[in-house]
Amino acid sequence: MNHTPEKTPRSGLPIGKVLLSVVLGAAALLGVWPIIRWLFVDAAFWPPEATACLREVAGEDELVSVAGACWPAVWDTLPLLLVGRYPQEEVWRIGLAALVFLAGVFVFARWKGPMLGRALALAGSMLFSLLLFRGAEFLGLAVVPSTEWGGLALTLVLSIGGIGAGFPLGLVMALGRRSSLPVIRWVSTTYIELIRGVPLITLLFMANYLFPLVLPPNSVSIDALLRAQIAIILFQGAYIAEVVRGGLQAVPSGQYEAAQALGMSYAKMMRLVVLPQALRISVPALVSTFIGLIKDTSLVAVIGIFDLLGTARNVPSIPEWVGRDFEPLVFSALIYFVICYGLSRFSRAYENVAIAR
Amino acid sequence: MFVHVVESELNWLLWGVFASEWSTVDWHDFDPEKSYGMALAVGFANTLKVALLGIVLATFLGLAIGLARTSGVKPLEYFGASYVEFLRNIPVLLQLVFWYAVVLNVFPLVQDGLNISDAIFLNNRGLFLPEPLFEGSVDRLLFQGFFAAAAWGVVSVVWNHKMHHRGLQSAPASTWARHLPWLVPLLGFLLTLSVCVLLSGVSLSFQFPEKVFGGRNLRGGLTLSPEFLALLMGLSLYTATFVAEIVRSGLSAVDRGQTEAARALGLSGFQTLRRVVLPQAVRVMVPPLTSQYLNLAKNSSLAVAVGYPDLVAVGGTILNQTGKSIEVILVWMAVYLSLSLVISLVMNVYNTQVKLVGR
């Protein structure tokens, strides 16, 4: 007996899905339109003065604020958002510092020399660019105290400093966690689990209030920015330790055994056999930790340090731009998005190239 | 001495003889006369409120978006992809500040706001709901409920542990008996709670929000402040992006042959998802979900930036007023570490339930 199934599979156009797509597409456009209208259509763009955001409306005596976004609020405060209160005539130093840092990264990536030399070159370039940032008498540069730093430049300083110092710390802690010596293992594990179990904001408060307590009384206080930077370094160190630990576990145990069979000391084994493989495996996770760090540095806004987000939150306090809450937030969101999304795309491209090799 | 203390505590627990500031706690009216300890307790309660609600909302939203991204309907996929990519790359603090600005500026005034039969209101002063009021010693009932939950929880954990270590032959793999280790303790707990409620003589009534100042403000009822709403929205939307990615990877970890076989057997799309794909996907999803829940609990500490009095905000105020920084910081660390521990333990019980046996 011929039994035909009741439901025959359809061939051709999936009508249900097409209809649903059309309906949803229309609904999405309807929902997105007010946002686009606020962002571009009804917005004021030029000139960068408060008057550009006021319109004459028939029937009203006074000028009425424009219905859309007031972008002059961002153009006018752009120097504040990008470099904080850094003196205008010294801003070129920030550009130079960035170039020095990028040169250090390039040398690290391309130079085929010993790993230690490359790492030292990178560390040296970071320290030199930090010196350029701050300025020094002996270089003939005016000193710009860290209280004047702010905006995007400060966000990048905190992030790069955080991972620059956090990476060696995390590496040491990861190796310590796998150590056979119980005290070292206990100390590393406690550090990692403690720091990972608490929010970053409590660490920032801790650094802000506890560090001055360990100094002798009536002595000079530690720079507020340095305290925040130390908290960020401690925080990153714990997360990097976990990432590196994953990489160390991914290296086959045969590698450890072969190195020990060849009579290599612990240091030699790690330096020549294990760490190169482990770190290569952990690169994607390390990049994603770095992306997370760039976002987490925005938390210093809560303890009164004016990084990009802190400055953006503060723009409505400027008398000219009272009430313009959204425009600086949208702009800084765009900057964060470009940086983080760009880094994640770069990381994916790097992964593909590395896997292809 | 110790026996005497335990005895008097048990006495209070069962018969309410003990009297102190803590036994007459009224969770509505915290005033400046109360101690710093009470302030921290209220802050901790606020943190729990936000964290637990946020976890629930983020899970459902993340599940919906993860399913949208693998649905095959192009607009849903694009929407899911742009939602995830957009919100994942923006700092959570920025999102919280943004949502707070939205709630304060974009939400309508009380007169023009949402009004559902004069019982539920949504406007720029917050979300107002009818409040359940209990007459009688509720705090004693709460403590009895807590002890009952702990006792039945221990029963559940031990039963769960025994079942999974008995070996493949006797472990009920796919029968209804699989659900007993959590079902029976849950029913036992509800039964115990009902008995306690009946014996304590506590009664329930509702208080509805009232309009004051000619309808321009509301008073009374269960008020969820704009700060709470902004925090909840920001945290849930942010964590939902990571949950959506976890859901997507969990769904793709299930062999495509499973879906094809299920469809070949005549199961509809929804049935395939519910009966075949999701149970296998959940196995893969639980460990990364645990770490996302922990992240949400820790991110709730950003409440200080939107003015919501959670543990960190209250602790920060106490720190500034008293200068006792070490004590406050120790309290923070202890609370957050225990919270992380509890969330990990609960998720591990669930993980043991769903993970592959015998691997």
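What to note about this one:
- Per-region count, the stretch A:298-351, residues open to solvent by 10 Å² or more (accessible area, probe 1.4 Å), of a type in the set (F, W, Y) and within 10 Å of another protein chain (Cβ to nearest Cβ): 3
- In the stretch B:153-190, the residues that are modelled with pLDDT of 70 or more and of a type in the set (S, T, N, Q): B:S156, B:N160
- Residue within the stretch A:217-226 that is surrounded by 16 or more Cβ atoms within 10 Å (Cβ to Cβ) and either within 14 Å of another protein chain (Cβ to nearest Cβ) or at negative phi (or both) present: yes
- Condition check for B:V346: touching a helix residue (DSSP H, G or I) at 6+ places or on another chain (Cβ under 7 Å) and surrounded by 14 or more Cβ atoms within 10 Å (Cβ to Cβ): no
- Here is the figure for the stretch A:186-216: residues that are within 14 Å of chain B (Cβ to nearest Cβ) and not in a helix (DSSP H, G or I) total 3.
- Residues in the stretch B:101-131 that are of a type outside the set (S, T, Y), more than 19 Å from B:F228 (Cα to Cα) and either open to solvent by 40 Å² or more (accessible area, probe 1.4 Å) or within 14 Å of chain A (Cβ to nearest Cβ) (or both): B:Q111, B:D112, B:N115, B:I116, B:D118.
- Filtered residues of the stretch B:308-342 (kept if open to solvent by less than 30 Å² (accessible area, probe 1.4 Å) and β-branched (V, I, T)): B:V312, B:V314, B:I318, B:V328, B:I329
- Looking across the stretch B:75-85, just one residue is within 7 Å of chain A (Cβ to nearest Cβ) and either modelled with pLDDT of 90 or more or exposed (fewer than 15 other Cβ atoms within 10 Å of the Cβ) (or both), and that is B:E85.
- Residue in the stretch B:65-78 that is touching a residue at least 40 places away in the same chain (Cβ under 8 Å) and under 16 Å from B:A303 (Cα atoms) present: no
- The stretch A:271-297, subset modelled with pLDDT under 90 and among the β-branched types (V, I, T), residue surrounded by the most Cβ atoms within 10 Å (Cβ to Cβ): A:I281
- Residue ranges of helices (runs of 4 or more DSSP H) in the stretch A:36-112 with at least 2 members at pLDDT 85 or above and under 21 Å from A:M126 (Cβ atoms): A:78-83, A:91-110
- Residue check for A:V322: closer than 30 Å to A:V74 by Cα and free of Cβ contacts under 8 Å to residues at least 24 places away in the same chain: yes
- Residue identified as touching a strand residue (DSSP E or B) at 6+ places or on another chain (Cβ under 7 Å), over 17 Å from B:V306 (Cβ atoms) and among the hydrophobic types (A, V, I, L, M, F, W, C) among A:F306, A:F331: A:F306
- Some residue of the stretch B:46-67 being within 10 Å of another protein chain (Cβ to nearest Cβ) and open to solvent by 10 Å² or more (accessible area, probe 1.4 Å): no
One line per residue, one yes/no per condition, for (1) without any contact (Cβ under 8 Å) to a residue 12 or more places away in the chain; (2) open to solvent by 50 Å² or more (accessible area, probe 1.4 Å); (3) assigned to a helix (DSSP H, G or I):
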| residue | (1), (2), (3) |
| --- | --- |
| B:L193 | no, yes, yes |
| B:V197 | no, yes, yes |
| B:F206 | no, yes, no |
| B:G214 | yes, yes, no |
| B:T223 | no, yes, no |
| B:L229 | no, no, yes |
| B:M233 | no, yes, yes |
| B:L237 | no, no, yes |
| B:A240 | no, no, yes |
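- Filtered residues of the stretch B:273-299 (kept if open to solvent by 30 Å² or more (accessible area, probe 1.4 Å) and touching a Gly at 6+ places or on another chain (Cβ under 9 Å)): B:L278, B:Q280, B:V282, B:R283, B:V284, B:P288, B:L294, B:N299
- Scanning the stretch A:113-132 turns up no residue that is open to solvent by 70 Å² or more (accessible area, probe 1.4 Å), away from every other protein chain (no Cβ under 14 Å), in contact (Cβ under 8 Å) with a residue 60 or more places away in the chain and within 18 Å of A:I230 (Cβ to Cβ).
- Any helices (runs of 4 or more DSSP H) falling wholly within the stretch B:247-359 and containing at least 2 residues that are closer than 30 Å to B:F228 by Cβ and facing chain A (nearest Cβ under 9 Å): B:278-299, B:311-322, B:325-354
- Single condition A:A136 does not satisfy, out of (1) in contact (Cβ under 8 Å) with a residue 24 or more places away in the chain; (2) open to solvent by less than 50 Å² (accessible area, probe 1.4 Å): (1)
The values are calculated or read from the model by the stated rules, or taken from the named source; none is laboratory data. Predicted, not measured: the structure shown is a model, and the values here were computed from it. Note that each Cβ is placed from the backbone with ideal geometry, even for glycine, and that neighbours are counted across all protein chains shown. All accessible areas refer to the heavy atoms of the entire protein, side chains included, with ligands and DNA or RNA removed. Shrake-Rupley method; radii C 1.70, N 1.55, O 1.52, S 1.80 Å.
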